[in-house]
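Since the structure comes first, as structure tokens, the remarks are kept for the end.
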There are 2 protein chains.
Amino acid sequence: MRKRKGAGRPTIADVANKAGVSTITVSRALRDPSMVSDHLRRKINNAVRKLNYVPHSHASALASTRSNIIGVIVPSLTNNVFAESLRAIYDAFGQGAFQVQLGNSRYVPAEEERLVRTFLGQRPSAMIVAGTDQTDVTRQLLENAECPVVQIMDVGDDPIDMIVGFSHFEGGKAAGLHLVQQGYKRIGFLGARMDPRSHRRLEGFKEALQFGGRYDPDLIMTTTLSSSVSLGAELIWQFCARRPDLDAVFCNNDDMALGALFGCQKAGLSVPDDIGIIGFNDLEMMAAAHPSLTSIRTDRYAIGRHAVEMIQSVLSGETPDKKIVDLGFELQVRQSTSRSASAKA
Amino acid sequence: MRKRKGAGRPTIADVANKAGVSTITVSRALRDPSMVSDHLRRKINNAVRKLNYVPHSHASALASTRSNIIGVIVPSLTNNVFAESLRAIYDAFGQGAFQVQLGNSRYVPAEEERLVRTFLGQRPSAMIVAGTDQTDVTRQLLENAECPVVQIMDVGDDPIDMIVGFSHFEGGKAAGLHLVQQGYKRIGFLGARMDPRSHRRLEGFKEALQFGGRYDPDLIMTTTLSSSVSLGAELIWQFCARRPDLDAVFCNNDDMALGALFGCQKAGLSVPDDIGIIGFNDLEMMAAAHPSLTSIRTDRYAIGRHAVEMIQSVLSGETPDKKIVDLGFELQVRQSTSRSASAKA
DNA sequence: TAACATTATGTTAGCGCTAACATCGCAAAC
DNA sequence: GTTTGCGATGTTAGCGCTAACATAATGTTA
């Protein structure tokens, strides 16, 4: 009477019984059908179907000392930028044998560290983390993890393991250069949240303006508030009030840029003639806006897909072509930075 | 030499050893500290810290026949509407002993069914699924699941277990009534994706227009394409070209509404005087737009939080106050449907 | 045909944890 | 002083699966 009862669900032993084979054969047939003869495989598959057997992933993870979990940690769930990469990851992994486990670090490094710890406790098959700005401890944990690790949304010389993304510095620089080239004179930066990636965009922007002889530290406005369209509208107001001579602004992301557009429109300022606006990421809405908004296009979906490909290649025993992949960006010039000739005075 | 080696990580036995107690005592100390004396608890906590012990969740799940996983299935990762509820769920569960496992059904019922099956295979502590439009099989699987199940983003008389959300029918009706009350005459519906929830919004809208004597089936434009700002701009174009007399439009979500605004602006139509626009959900950008956009505000974060509270209450042995919770919505009237008196001709 | 590979399948012993029962120590009750 | 009750701790046997070794069945070579 000491016996414990499981959840009553059919187990691999039930399948083995029904198919008249041993449990290990069922296990093999399910994990790698090529290890089992056609004859038995058919019988096993039938039994599986009849019993409606679903493998118990925890038991499998325990026995094999590795789980089918892919741990993914992003700093935000509502930021569309990460949502796109996530979608790619789910598209690629959602179907197969892997389970994506998602963590939200909320831009807090300590939270990220906690999540990494928890996830590694599950012995994941792979880890995907956003960015390169982990704490030392987090980095060390991931370096010691016995699984492939991909950092996404950034590039750098010294990845934990593999990395795929683009250079925020170069992106910011391209935005700054574009505004200079368009003939804008007093070019500002409007940044919310100001996570490390935004900081790198700002650094690139600064370099471009210095190069163009237009750098003015008083034209940099940042906040730690999280970015939103409303905040963009609010801040461009304040910015213009303080510096009425401002004639262009690089927003650290597209929400802020759209907000800046609305803010200017409310203030009766013409975009692009009175003020030029450029955003970052090129979310879908940027092209549809009126006037359409210039932005730095990044391919977040491709980043997610690429990360998955790198992982799959490592898990199947291959060595990935490159451990550092820069997918770049593309300046999308639109109306919001295209002044009429007369305005370029 | 037959021995297998684990992953080398410290186990509960190592902790027990170091603390000079049995494994079950460690297990108890970690799961319910009140079951163990202060004295031993302190020693155990020390040992845990020194060894950097992380419990092996799979082993725990196997032994206890239930996991600490909360399965969540949503139809889209990029749709901000679900992202907000997800954020609430992660905020509430992310800290504690539970692991959120997220699935993306991509609006495909069969995919949802597959995910439910997979998730239930892990014996989750609870399940959260979006909407009420599961397949019969999915519904049955969830009804038989031995865990609390919460449907979110919708309400209905006949939940699988519990449900929290709002009525899309009533929301659509409120939108329609508002446009009628504002004096618009030829009121259209613009709907993308047209998932079941959008259909219910449309039904509510129809009822309102019929009630107001303004219903015209020719003024309903829908597509199965997924909604986006660009699509909204594109479709309002087509709509106005086909029916130049259109003077108001209810968009099935805010992205479409924002797109419609941009489309009208490009076409030189004044919003709200030539065309009134109302959206659905009231995403943050709606208030910031120029002109600001009327919408039906829903509190997605509260829905997620509420779902978690219901689950926690059931898991702690209580009976939730209500199994069906309607959090309602609120009409946010803004400029896009507020015509000047002269325009109401 | 013997000797040896090469599969295909089986047996056994865990993976790390917890349920179920057993025991122990100590205070209250008789 | 024995009995009873109860909370704190321990012992044992799995949870459902797979690694590692064992063995049987088949093919291959000289």
| field | Which listed residue, of A:77, A:86, A:62, is near DNA strand D (Cβ under 7 Å from one of its atoms) and either crowded, with 20+ Cβ neighbours inside 10 Å or within 30 Å of residue B:82 (Cβ to Cβ) (or both) | value | A:62
| remark: Taking the stretch A:266-298 and the residues there that are within 21 Å of residue A:84 (Cα to Cα) and charged (D, E, K, R), the one that is farthest from the chain's Cα centre (by Cα) would be A:284
| remark: The residue from B:288, B:267 that alone is surrounded by fewer than 18 Cβ atoms within 10 Å (Cβ to Cβ) and closer than 24 Å to residue A:260 by Cα is B:267
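Would you mind finding the one in A:84, A:143 that is among the charged types (D, E, K, R) and at the interface with chain B (Cβ under 10 Å from one of its Cβ atoms)?
Checking each option against the conditions leaves just A:84.
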| Does any residue of the stretch B:187-205 turn out to be of a type outside the set (Ser, Thr, Tyr) and over 30 Å from residue B:326 (Cβ atoms)? | no
| Do the conditions hold for residue B:268, that is, is it small (Gly, Ala, Ser) and in contact (Cβ under 8 Å) with a residue 60 or more places away in the chain? | no
| request: Quick one: which residue in A:181, A:140 is farther than 30 Å from residue B:284 by Cβ, modelled with pLDDT under 95 and surrounded by fewer than 22 Cβ atoms within 10 Å (Cβ to Cβ)? | output: A:140
| query | Is there any pair linking a residue in the stretch B:17-38 that is surrounded by fewer than 18 Cβ atoms within 10 Å (Cβ to Cβ) to one that is among the charged types (D, E, K, R) and not in a loop (DSSP other than H, G, I, E, B), with Cβ under 6 Å and at least six apart or on different chains, and which? | reply | B:33/B:41; B:35/B:28
| Would you pick out the residues in the stretch B:189-237 that are part of a loop (DSSP other than H, G, I, E, B) and within 14 Å of another protein chain (Cβ to nearest Cβ)? | B:192, B:225, B:226, B:227, B:228
| Pick from the stretch A:72-81, criterion more than 8 Å from chain B (Cβ to nearest Cβ) and part of a loop (DSSP other than H, G, I, E, B), ranking: farthest from residue B:95 (Cα to Cα) | A:79
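Let's see how each residue does on (1) at pLDDT 90 or above; (2) in a strand (DSSP E or B); (3) more than 7 Å from DNA strand D (Cβ to nearest atom):
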position	(1), (2), (3)
A:2	no, no, no
A:6	no, no, no
A:14	yes, no, yes
A:42	yes, no, yes
A:50	yes, no, yes
A:54	no, no, yes
A:58	yes, no, yes
A:66	no, no, yes
A:70	yes, yes, yes
| Can you tell me which residue in the stretch A:238-269 is nearest to residue B:289 (Cα to Cα), limited to those that are of a type in the set (Gly, Ala, Ser) and more than 9 Å from chain B (Cβ to nearest Cβ)? | A:260
| Selected residue (only one of B:31, B:9 is within 8 Å of DNA strand C (Cβ to nearest atom), within 11 Å of chain A (Cβ to nearest Cβ), among the basic types (Lys, Arg) and within 30 Å of residue B:120 (Cβ to Cβ)) | B:9
| remark: For residue B:240, the lone unmet condition from (1) over 19 Å from the mean Cα position of the chain (by Cα); (2) closer than 24 Å to residue A:256 by Cβ; (3) of a type in the set (A, V, I, L, M, F, W, C) is (2)
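Conditions tested, residue by residue: (1) away from DNA strand C (no atom under 16 Å from the Cβ); (2) more than 26 Å from residue B:88 (Cβ to Cβ); (3) outside any strand (DSSP E or B); (4) not aliphatic (A, V, I, L, M).
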site: A:97; (1), (2), (3), (4): yes, yes, yes, no
site: A:112; (1), (2), (3), (4): yes, no, yes, yes
site: A:127; (1), (2), (3), (4): yes, no, no, no
site: A:138; (1), (2), (3), (4): yes, no, yes, yes
site: A:142; (1), (2), (3), (4): yes, yes, yes, no
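Regarding the stretch A:106-128, can at least one residue be identified that is more than 16 Å from DNA strand D (Cβ to nearest atom), in contact with a Phe, Trp or Tyr (Cβ under 6 Å, 6 or more places away or on another chain), facing chain B (nearest Cβ under 10 Å) and not charged (D, E, K, R)?
No, every residue in the stretch A:106-128 fails to be more than 16 Å from DNA strand D (Cβ to nearest atom), in contact with a Phe, Trp or Tyr (Cβ under 6 Å, 6 or more places away or on another chain), facing chain B (nearest Cβ under 10 Å) and not charged (D, E, K, R).
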| Of the residues A:77, A:62, A:86, which is within 15 Å of DNA strand C (Cβ to nearest atom) and at pLDDT 90 or above? | A:62
| query | Would the stretch A:48-56 turn up any residue that is away from every other protein chain (no Cβ under 14 Å), more than 31 Å from the chain's Cα centre (by Cα) and surrounded by fewer than 16 Cβ atoms within 10 Å (Cβ to Cβ)? | reply | yes
| note | Selection over the stretch B:199-258 where residues are of a type in the set (Phe, Trp, Tyr), touching a helix residue (DSSP H, G or I) at 6+ places or on another chain (Cβ under 7 Å) and surrounded by fewer than 16 Cβ atoms within 10 Å (Cβ to Cβ) yields a count of 0
| query | Cβ-Cβ below 7 Å, separation at least six or inter-chain, first residue in the stretch A:98-117 and within 18 Å of residue A:224 (Cβ to Cβ) and not assigned by TED's automatic domain parsing to the domain that holds residue A:135, second surrounded by fewer than 21 Cβ atoms within 10 Å (Cβ to Cβ) and aromatic (Phe, Trp, Tyr): which pairs? | reply | none
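Can you pull out the residues in the stretch B:272-282 that are surrounded by fewer than 24 Cβ atoms within 10 Å (Cβ to Cβ) and either of a type in the set (Phe, Trp, Tyr) or in contact with a strand residue (DSSP E or B) (Cβ under 6 Å, 6 or more places away or on another chain) (or both)?
B:282
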| message | Here is a list: A:65, A:23, A:11. Which entry is within 17 Å of residue B:62 (Cβ to Cβ) and in contact with a helix residue (DSSP H, G or I) (Cβ under 6 Å, 6 or more places away or on another chain)? | response | A:23
| note | Per the filter on the stretch B:245-287, residues within 13 Å of residue B:333 (Cα to Cα) and in a helix (DSSP H, G or I) are B:286, B:287
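The values are calculated or read from the model by the stated rules, or taken from the named source; none is laboratory data. All figures in this text were calculated on a predicted structure; none of them were measured in a lab. Cβ sites come from the backbone with ideal geometry, for glycine too, and all protein chains shown count toward neighbours.
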